[in-house]
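The values are calculated or read from the model by the stated rules, or taken from the named source; none is laboratory data. All values reported here derive from a predicted model rather than from experimental measurement. Reconstructed Cβ throughout: ideal geometry from the backbone, glycine too, with neighbour counts over all protein chains shown. Accessible surface is based on the protein model in full, side chains and every heavy atom, while ligands, DNA and RNA are left aside. Shrake-Rupley method; radii C 1.70, N 1.55, O 1.52, S 1.80 Å.
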Amino acid sequence: MSKTPPIATLPERGVYRRLLRDGPAVLGFALVALLVLVAAFAPLLAPFPEQGAGAASVADRNLAPSLTHWFGTDAMGRDILSRIVYGARPALLVSMAVVGLAVLVGVPLGLIAGFRGGRLDEAIMRVADMFLAFPPLLLAMVVVSLLGPSLWNAAIALVVSWWPWYARLVRGLALSLRERPFVEGARTLGLRDITIMRRHILPNCSSPILVQATTDIGTVLLAAGSLAFIGLGAQPPTPDWGLMVAEGRTYVFSHWWMSAFPGAAIFLAVLGFNLLGDALRDALDPREVGR
Amino acid sequence: MILSVTGLVKTFGAVRAVDGVDLSVAPGETYAVVGESGSGKTTLARCVLGLIRPSSGSVVVDGADTAKISSGELRLLRRRVQIVFQNPHASLNPRMTIERLVAEPMRIRTGSKGAALREEVVADLERLGLGTAHLSRYPHELSGGQAQRVALARALALRPRLLVLDEPTSALDVSVQAQILNLLADLRADDGPAYLLISHDLAVVRHLADRVGVMYGGRLVEEAPAEQLFDAPAHDYTRQLLDSVPGRGRASMDLSLGVQP
């Protein structure tokens, strides 16, 4: 209601301002869309699909970027562009799965804690605090070393350290919504707590959850890459960006492209999700929540 | 009696928000509780609604003592008492359409679904001066008066025996206030619920109330039929309250309702 676009006085200026304001949003959306498309059509887009999937080509080892191999080749002779294209798949899959599971675990717990309050709230939130007390990556490293290093164990480890953020976010929202007249009204209708939480509390939390989840996909992507980098995530020959950065690390002074391009891919993906998250925050914030 | 409150006390820590209140409301009657903010009006209302349990004393709604039943039974008892809040927009879930908002309680009462449910919703909305055009709207698309009608439709959909009106008009424009008050008067005439009107707006009280209880510091300091209270207030505090109306107004009180629809 309050956010009417300023068209009236100076049209050019208004457009320019809006473009500036929307620029990052457009960039974020474009980057994420690109990532999704690349992941979906990897076999069609990769110049050397079989190498992207992991096949070695010993004759082409360590080639610098060229017209045939835009991003060069790695120590096994695999085309790095193809590896990056294929790497979009585990990167996207793992980070979305981690955030999805963290939401699935954290949101219901936060809802119950915030809406019910009392001892249940104390119990849930103290457990969440325990997990939050450790730096997320450190906690994930502990979990992976217990489970054994693999892509999916890394994912589980990241869920373990990420769910408390959602529990805390939703608890805060539920706590403030609980006092709102429309929730009191729902209680006077004699609805069960579970119905009130599902029908009246949760829908009013959805925007902040969506914003947080979008931004977190980027953060988790980086964390999964970090785990792979230190050998606790994806294992060779998975085309994982973090792993590729690690593999190229030894040769970084003589063969910079081996680490630089996968690193750039991680950077752009994280940037994309962060910008998209910010854009969603701006787009969803007014009116809906916290009024 | 629809509602009998006996010796009601509700404390929050050291604060005695309600400190020994007795009152009763007969079927079809409008009982107004007046008093300044902090006098315990809202706490009283929340006890009557079964949203909080009294510290001591009893609240008997439609023959059932809220202190003596399980929380499951209390949950179902709440359906016989409904509430309309002061701020209509805050009392409607911003994520639900008007149709869903009214259908939610309606389905609890009638058990209808689909087209039949929609018909019942429309019938009730029309009774309150809204129509099918509003069904797919969201609360923020409505004016204050329209939103308050929806809140009223929602509360009445369960056909409660008692309707608590918590400052039902004080968030509305003056012109709309009169409409809502007349609507409330009409609904009551129409075999509607008894009203427990909570207000500090004495003009509203005078317009609707049969009996008035004056609350001060958690106690009911005076209770009298509306006419008598306005003409001959017995308690000092009541006199102060009446004299505090802008324009020194027992005489001028009806003027603020001068705008009729």
* Does the range A:174-182 contain any residue that is farther than 22 Å from residue A:112 by Cβ, crowded, with 22+ Cβ neighbours inside 10 Å and touching a residue at least 24 places away in the same chain (Cβ under 8 Å)? -> no
Only one of A:279, A:283, A:228 is more than 14 Å from chain B (Cβ to nearest Cβ), under 20 Å from residue A:85 (Cα atoms) and modelled with pLDDT under 95, namely A:228
Going through the range B:179-195 in order, the residues found to be buried (at least 22 other Cβ atoms within 10 Å of the Cβ) and closer than 13 Å to residue B:127 by Cβ are B:184
Reported set for the range B:65-81 where residues are under 22 Å from the mean Cα position of the chain (by Cα) and within 13 Å of another protein chain (Cβ to nearest Cβ) is B:66, B:74, B:75, B:76, B:77, B:78, B:79, B:80, B:81
Per the list (1) open to solvent by 20 Å² or more (accessible area, probe 1.4 Å); (2) free of Cβ contacts under 8 Å to residues at least 40 places away in the same chain; (3) outside any helix (DSSP H, G or I), residue check on residue A:69 breaks on (1)
Of the residues in the range B:29-51, those that are within 14 Å of chain A (Cβ to nearest Cβ) and not β-branched (Val, Ile, Thr) come to B:45, B:46, B:47, B:49, B:50, B:51
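Considering each residue of the range B:82-99, count those that are in contact (Cβ under 8 Å) with a residue 60 or more places away in the chain and within 7 Å of chain A (Cβ to nearest Cβ), and give that number.
Narrowing the range B:82-99 to residues in contact (Cβ under 8 Å) with a residue 60 or more places away in the chain: B:82-88, B:91-92.
Filter once more, keeping what is within 7 Å of chain A (Cβ to nearest Cβ): B:82-83, B:85, B:87, B:91-92.
Number of matching residues: 6.
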All-but-one check, residue B:102 against (1) assigned to a loop (DSSP other than H, G, I, E, B); (2) at pLDDT 95 or above, failing number (1)
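Taking the stated definitions as given, is residue B:26 at pLDDT 90 or above, away from every other protein chain (no Cβ under 14 Å) and crowded, with 24+ Cβ neighbours inside 10 Å?
On the way: at pLDDT 90 or above: yes; away from every other protein chain (no Cβ under 14 Å): yes; crowded, with 24+ Cβ neighbours inside 10 Å: no.
It is false that residue B:26 is at pLDDT 90 or above, away from every other protein chain (no Cβ under 14 Å) and crowded, with 24+ Cβ neighbours inside 10 Å.
Determine if the range A:234-257 includes at least one residue that is within 14 Å of another protein chain (Cβ to nearest Cβ), in contact with a Pro (Cβ under 8 Å, 6 or more places away or on another chain), open to solvent by less than 30 Å² (accessible area, probe 1.4 Å) and aliphatic (A, V, I, L, M).
Step one: of the range A:234-257, the residues within 14 Å of another protein chain (Cβ to nearest Cβ) are none.
Within the range A:234-257 (the criterion being within 14 Å of another protein chain (Cβ to nearest Cβ), in contact with a Pro (Cβ under 8 Å, 6 or more places away or on another chain), open to solvent by less than 30 Å² (accessible area, probe 1.4 Å) and aliphatic (A, V, I, L, M)), the answer is no, since none of the residues qualifies.
Take the residues in the range B:148-162 that are within 14 Å of chain A (Cβ to nearest Cβ) and assigned to a helix (DSSP H, G or I); name whichever of them is farthest from residue B:105 (Cα to Cα).
In the first step, residues of the range B:148-162 are kept if they are within 14 Å of chain A (Cβ to nearest Cβ); the result is B:148, B:150-162.
Filter again for assigned to a helix (DSSP H, G or I), leaving B:148, B:150-156.
Numbers: B:148: 16, B:150: 12, B:151: 11, B:152: 12, B:153: 9, B:154: 6, B:155: 8, B:156: 9 Å.
Among those residues, the one meeting the criterion is B:148.
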Across (1) open to solvent by less than 30 Å² (accessible area, probe 1.4 Å); (2) more than 30 Å from residue B:173 (Cα to Cα); (3) among the polar types (S, T, N, Q), residue B:97 clears everything bar (2)
By residue number, the members of the range A:192-230 that are more than 25 Å from residue A:145 (Cβ to Cβ), charged (D, E, K, R) and in contact (Cβ under 8 Å) with a residue 40 or more places away in the chain are A:193
When (1) assigned to a helix (DSSP H, G or I); (2) surrounded by fewer than 19 Cβ atoms within 10 Å (Cβ to Cβ) are applied to residue B:4, the one that fails is (1)
Scanning the range B:132-144 for residues that are open to solvent by less than 50 Å² (accessible area, probe 1.4 Å) and out of contact with any Leu (no Cβ under 6 Å at 6 or more places or on another chain), the one nearest to the other protein chains (Cβ to nearest Cβ) turns out to be B:142
Within the range A:99-114, the residues that are touching an Asp or Glu at 6+ places or on another chain (Cβ under 8 Å) and within 30 Å of residue A:42 (Cβ to Cβ) are A:99, A:102
Being surrounded by fewer than 22 Cβ atoms within 10 Å (Cβ to Cβ) and assigned to a loop (DSSP other than H, G, I, E, B) narrows A:39, A:64 down to just A:64
Scanning the range A:128-139 residue by residue, those more than 15 Å from residue A:230 (Cα to Cα) and either free of Cβ contacts under 8 Å to residues at least 24 places away in the same chain or not in a helix (DSSP H, G or I) (or both) turn out to be A:130, A:133, A:134, A:135
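Listed here are the residues, each with its yes/no results for (1) among the β-branched types (Val, Ile, Thr); (2) more than 8 Å from chain B (Cβ to nearest Cβ); (3) open to solvent by less than 20 Å² (accessible area, probe 1.4 Å).
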{"position": "A:187", "(1), (2), (3)": "no, no, no"}
{"position": "A:190", "(1), (2), (3)": "no, no, yes"}
{"position": "A:193", "(1), (2), (3)": "no, yes, no"}
{"position": "A:203", "(1), (2), (3)": "no, no, no"}
{"position": "A:213", "(1), (2), (3)": "no, yes, yes"}
{"position": "A:220", "(1), (2), (3)": "yes, yes, yes"}
{"position": "A:224", "(1), (2), (3)": "no, yes, yes"}
In the range A:140-157, residues that are open to solvent by 20 Å² or more (accessible area, probe 1.4 Å) and in a helix (DSSP H, G or I) total 10
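Per-residue answers, yes or no, for (1) outside any loop (DSSP other than H, G, I, E, B); (2) touching a Gly at 6+ places or on another chain (Cβ under 9 Å); (3) within 22 Å of residue B:78 (Cβ to Cβ); (4) open to solvent by 20 Å² or more (accessible area, probe 1.4 Å):
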{"site": "B:123", "(1), (2), (3), (4)": "yes, no, no, yes"}
{"site": "B:130", "(1), (2), (3), (4)": "no, no, no, no"}
{"site": "B:146", "(1), (2), (3), (4)": "yes, yes, no, yes"}
{"site": "B:164", "(1), (2), (3), (4)": "yes, no, yes, no"}
{"site": "B:177", "(1), (2), (3), (4)": "yes, yes, no, yes"}
{"site": "B:197", "(1), (2), (3), (4)": "yes, no, yes, no"}
{"site": "B:204", "(1), (2), (3), (4)": "yes, no, no, no"}
{"site": "B:214", "(1), (2), (3), (4)": "yes, yes, no, no"}
{"site": "B:224", "(1), (2), (3), (4)": "yes, yes, no, no"}
Residue hits (the range B:223-260; under 20 Å from the mean Cα position of the chain (by Cα) and at pLDDT 85 or above) are B:223, B:224, B:225, B:226
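Quick check: is even one residue across the range A:34-50 touching a residue at least 60 places away in the same chain (Cβ under 8 Å) and among the small types (Gly, Ala, Ser)? Steps first, please.
Restricting attention to the range A:34-50, the residues satisfying the condition of being touching a residue at least 60 places away in the same chain (Cβ under 8 Å) are A:34-35.
So of that shortlist, the ones also among the small types (Gly, Ala, Ser) come out as none.
Scanning the range A:34-50, I find no residue that is touching a residue at least 60 places away in the same chain (Cβ under 8 Å) and among the small types (Gly, Ala, Ser), so the answer is no.
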